[in-house]
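Take a look at the structure below.
Readers should treat all values here as calculations from the given coordinates under stated rules, not as data from a laboratory. Since this is a predicted model, take the numbers as computed values, not measurements. Note that we place each Cβ from the backbone using ideal geometry, even for glycine, and neighbour counts take in every protein chain shown.
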Amino acid sequence: MSLNPFHVIIILVLGVLFFGKNLPAVAKQIGSALLEFRKGVDEWKEMRHSTPSVGKRKSVTVKEEESMERFEMLGTKFEPPPSSPLESG
């Protein structure tokens, strides 16, 4: 499907009807939103394809240790019930 000149004219007429005086401001906002979206996609692709550095691995380890400490503070550790004399005989 391609845009022919008739479709472009209809889109422009609808844009003028809906936005009127604010059409340049709306176009600028749409352009900046698209630019930010592309930057975000590029950053995401870079992050996904790059290998983690040593510093990042260290910070993940520290975060894991902190979460384990929090977990240990929240709950009690599992202790098996004491064996009763009835079970051993």
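A few points about this structure:
- Classification of the stretch 1-49 by its C-alpha gyration tensor yields an oblate form. The axis ratio a/c (a ≥ b ≥ c) is 1.5 or more, and b/c is at least a/b.
- Dipole magnitude of the stretch 1-49 about its Cα centre (Cβ charges: Lys, Arg +1; Asp, Glu -1), debye to nearest 20: 80 debye
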